[in-house]
Every structure is written in structure tokens, then in C-alpha cells.
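Structure first, commentary second.
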Ligand code: HAM
């Protein structure tokens, strides 16, 4: 059997490919990244790209040793038989903050807005919308602790999905407080869960000692049953004065701008670097357990990675999940445009001439040619198959007069156009 791609990955394929239903349309994917780019760059964000593998320690310290991502889902990198101490990145934030510190980006105007998109890797149980290689659009703002930055980040995330045409989205907003608030909350959770430890899943028994808050994030139905039964008080009840004031300020900005959100007191997020504002973007068709995107503030992360104390906030959404949501809402994604013109030779000796005509147009438009000579009917069909606006033929008459027989495939109108006037004809006609 021919070799297959690894489980939990997808190929990105051109329009018209037969297996697009199980794979990704590369033009739909690009539509999402370009829409994000337009919205984010209008807000002043610059593009950044970091390696897709990083030191394990960056991820362990950044994302957190008690998270499922670090404990169970890391793809480790081996080379020449040795473990290189590297992992495929499970997310983008830790790498971007590392790059910020390592490259002295503090010298750029603050707060610095950065965005990226690219593949992320988590060895998860594969299901619809849950992949092992997935792709995120990621936005980060580094260098400000102002609640205005939080509100703007949330606004931007909503703006990207609005610009994509999605309507069934909902922002679930919470706060996970400052580290001292979390300590208090963890102490409360430890006391609450310890008498029930025997019934918890093995993972959650472990969480109880390492980071009890992670129990709330458990994917086990038994754990979730116990959580419901114990009537666990939410993190939001444990916010200290400063974190509570910050949260109120973020909400006030969102209210003033008319951004719809729902306060979700139980939001915990699956990564350890968060502080204060945390939120998720949900969609009716993705299911309650999986978010379209999520984000939050991570003021302690830069220091955790060995850099100067620098506040930051950001979000990421999963491009594959966005594509599922777009399809569920029946939103037509523009496919990539075909060539303006397809040029075919009627005899083998004119193929180089057809090629030359196409090459001369490429400074200003997409132009293709036939590598073999064709009969007129076949040439027109080929032009149509490629989505061309025009198809042009070169036979002995055209070669003799230095012209092409150009047909508009939509209207059927035909014209003899001189080779040197072709570019102008194609840009001014219609
Ligand atoms: P996250 O919530 O782990 O946050 O992931 C963000 C989004 O990536 C999810 O909401 C989901 O759409 C997508 N995603 C995550 N795992 C998978 C998967 N296995 N398959 C498909 N899609 C997936 C972060 O990664 C943070 N770095 C976000 C952030 C940026 N926070 C601050 N700045």
C-alpha cells in the first residue's frame, strides 16, 4: 500500500482536489490567514516567525509542567539516534516571548504587537477538530499591563472572525487572578478534593499534588462528575483586589465598545502561564468542550523564561476549527482565481511562441500556456478547466501576422490581438 500521512495530520491541497472533504483547501486556509493579517496589521501588528521546534525547557517552563500538553502531548525531537532535548512546539506564545527577549525587541515601540500563523504539535486523541499537527493564528502584545490592551486584544479576535463572516461565536471571559489568588484557590481546591482523591482519575490524583486547578480542566467524565457534585466555587470568587479591578476595567472597555461576551467564572485554560484576564471563543458547531480559540494575559512568562519582567497578553485560534465553523455556517470561501489567459499553440512548432506570449504577460497577470499543441476545441476546454477568463490560439495565420486569436470564455467574443498589444487588451477589455 502506498504510504499514508501520519494520523492527526492533514494535507493542504489545491482547489478541485478530489479529497478536499477530509483534507484542507489551501486557498481556504490562505483566506483565513490573509483575513487575520489584514485585521491584525491594521491594528499595528508585525509578523514574526519562530522555529517549529524549541528547547524542551522552554515549553516545560512556559506552558507548565503540570499541563496535559507537557505531561502527555509532547512530540520530542530525536536526531541521529540522540534525543536533542528539543520538542515540536505545542503553541506559539512561549517561542515568541523567547524571541522577544533573545532579540532585544524591547527596543521597539511598546507595547509591541506581533502576529504569526503556523503549525503546532500536540499528541492528542484524534477526532474532528482535534489534530496532532494543527495550525494557529496567534496574536501577542508584549510590554503593557494596561486593561485597555486586554480589551483591544479581545476586540481584535472577535473582529477577525467577524471579518471571516462567522456569526455563531461567543466570547467566554474570565480571570484567573494573580499568582497569590491562585495559591489561595489551589489551597481551597486541595482541601475540597482530597477527601475524594480515591475516586479521581490517576491524572487528577497527580494534579491534586502538583496543581489542583488543573483538575477542573480534566477531560475525564468521572472527574467532571465529581466537580459537579462538589459544587466547586469558581476562580472568579477568589480574585484579589487588583485582579478584580483589572477585570472590571476590561469589562468596562468591552461594554463601552459593544463587544458581546459572557462572563464564565469557571474558565481555567489549559496552559500555566496565564494571569488575570483569560477567555475563550466558542462556536455552536465546534462543541462545548473545544474552543475556536483562546487567550489570556501572561505577565509572569518573560521572567519565567529568564528575561526581564515584562507583561504580555495574546490569543490564538485554530485554523482547522475556523474552517469547520465556516463550513457549518455555509460561508462560501473564495477559491483562488484562475489565470487571466490560457494560450495554446495549434501546431507543435508554435508552442515556443505560445510560451513566449505567456511569459511576456507574467509581470502583470497570471498567464498559462499549453506545453503541447492542441486542437481549438481542446484548447478552449483546457482554458475553462483551469478557470481562465480568456483562451488564445496561435496557428500559422497568427504566427505570420504576429497576432493571437483571443476568445473571452464568458461572452464567447473573439478578437485578433497583436502580441505586443496583448497585455493592454487583457487589462482594458471587459
Ligand atoms: P490554546 O487554547 O491551547 O491556547 O489553543 C488555542 C486554539 O488552538 C484552540 O482554541 C483551538 O482552536 C486550537 N487548538 C488547540 N489544540 C488543537 C488541536 N489538537 N487540534 C486542533 N486545534 C487545536 C494557546 O495555544 C495559547 N498559546 C494562546 C495564547 C496566545 N495565549 C496567549 N497568547
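Among the residues of region 285-304 satisfying the criterion of being part of a loop (DSSP other than H, G, I, E, B) and over 20 Å from residue 156 (Cα atoms), which is modelled with the lowest pLDDT? Taking the candidates together, the pick is 288. Filter region 273-284 for residues that are near the ligand (Cβ under 9 Å from one of its atoms) and in a loop (DSSP other than H, G, I, E, B); which is nearest to residue 166 (Cα to Cα)? Across region 273-284, the extreme among qualifying residues is 274.
Among the listed residues 353, 419, 404, 323, which satisfies the condition of being surrounded by 14 or more Cβ atoms within 10 Å (Cβ to Cβ), within 16 Å of the ligand (Cβ to nearest atom) and either in contact (Cβ under 8 Å) with a residue 24 or more places away in the chain or not assigned by TED's automatic domain parsing to the domain that holds residue 292 (or both)? Write out each step before concluding.
Numbers: 353 fails: within 16 Å of the ligand (Cβ to nearest atom); 419 fails: within 16 Å of the ligand (Cβ to nearest atom); 404 fails: within 16 Å of the ligand (Cβ to nearest atom).
Answer to the check: 323.
Checked against the criteria, residue 334 does not count as under 20 Å from residue 218 (Cα atoms), surrounded by fewer than 21 Cβ atoms within 10 Å (Cβ to Cβ) and away from the ligand (no atom under 16 Å from the Cβ).
Looking only at strands (runs of 3 or more DSSP E) that fall completely inside region 334-430, which ones have 2 or more residues that are over 30 Å from residue 17 (Cα atoms)? Give the derivation first.
Values: elements: 341-345, 367-369, 390-394, 403-408, 414-418.
Once the strands (runs of 3 or more DSSP E) in region 334-430 are filtered for at least 2 residues that are over 30 Å from residue 17 (Cα atoms), what remains is 403-408, 414-418.
Return yes or no: is residue 154 in the same structural domain as residue 40 (by TED's automatic domain parsing), surrounded by 21 or more Cβ atoms within 10 Å (Cβ to Cβ) and touching a helix residue (DSSP H, G or I) at 6+ places or on another chain (Cβ under 6 Å)?
Values: in the same structural domain as residue 40 (by TED's automatic domain parsing): yes; surrounded by 21 or more Cβ atoms within 10 Å (Cβ to Cβ): yes; touching a helix residue (DSSP H, G or I) at 6+ places or on another chain (Cβ under 6 Å): no.
When the stated conditions are applied, residue 154 does not pass them.
May I ask you to verify whether residue 268 is assigned to a loop (DSSP other than H, G, I, E, B) and closer than 20 Å to residue 65 by Cα? Steps first, answer last, please.
Working: assigned to a loop (DSSP other than H, G, I, E, B): yes; closer than 20 Å to residue 65 by Cα: yes.
Against the criterion (assigned to a loop (DSSP other than H, G, I, E, B) and closer than 20 Å to residue 65 by Cα), residue 268 qualifies.
Flag set for residue 270, criterion: near the ligand (Cβ under 9 Å from one of its atoms), closer than 26 Å to residue 324 by Cβ and either in contact with a strand residue (DSSP E or B) (Cβ under 9 Å, 6 or more places away or on another chain) or in contact (Cβ under 8 Å) with a residue 40 or more places away in the chain (or both). When you look at residue 127, is it under 29 Å from residue 158 (Cβ atoms), within 10 Å of the ligand (Cβ to nearest atom) and without any contact (Cβ under 8 Å) to a residue 24 or more places away in the chain, yes or no? Answer is yes for this residue.
When 309, 347 are screened for being in the same structural domain as residue 117 (by TED's automatic domain parsing) and away from the ligand (no atom under 16 Å from the Cβ), only 309 passes.
Yes/no per residue for (1) modelled with pLDDT of 95 or more; (2) in contact with a helix residue (DSSP H, G or I) (Cβ under 9 Å, 6 or more places away or on another chain); (3) crowded, with 19+ Cβ neighbours inside 10 Å:
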position: 128; (1), (2), (3): no, yes, no
position: 131; (1), (2), (3): yes, yes, yes
position: 136; (1), (2), (3): yes, yes, yes
position: 141; (1), (2), (3): yes, yes, yes
position: 165; (1), (2), (3): yes, yes, no
position: 173; (1), (2), (3): yes, yes, yes
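The numbered conditions (1) in contact (Cβ under 8 Å) with a residue 24 or more places away in the chain; (2) out of contact with any strand residue (DSSP E or B) (no Cβ under 8 Å at 6 or more places or on another chain); (3) within 21 Å of residue 14 (Cβ to Cβ) are all true for residue 409 except (2).
Taking the criterion of being under 21 Å from residue 14 (Cβ atoms), at pLDDT 95 or above and touching a helix residue (DSSP H, G or I) at 6+ places or on another chain (Cβ under 8 Å), the residues of region 305-342 that qualify are 319, 322, 323, 326, 340, 341, 342.
Of the residues 163, 140, 91, which is in the same structural domain as residue 304 (by TED's automatic domain parsing), within 16 Å of the chain's Cα centre (by Cα) and more than 14 Å from the ligand (Cβ to nearest atom)?
Details: 140 fails: more than 14 Å from the ligand (Cβ to nearest atom); 91 fails: more than 14 Å from the ligand (Cβ to nearest atom).
From the options 163, 140, 91, the qualifying one is 163.
Given the condition closer than 24 Å to residue 71 by Cα, in a loop (DSSP other than H, G, I, E, B) and within 16 Å of the ligand (Cβ to nearest atom), answer yes or no: does some residue in region 246-265 qualify? Among the residues of region 246-265, not one is closer than 24 Å to residue 71 by Cα, in a loop (DSSP other than H, G, I, E, B) and within 16 Å of the ligand (Cβ to nearest atom), which makes the answer no.
The values are calculated or read from the model by the stated rules, or taken from the named source; none is laboratory data. What you are looking at is a predicted structure, and each value in this text was computed from that prediction instead of being measured. No Cβ is skipped: glycine too gets one built from the backbone with ideal geometry, and neighbour counts run over all protein chains shown.
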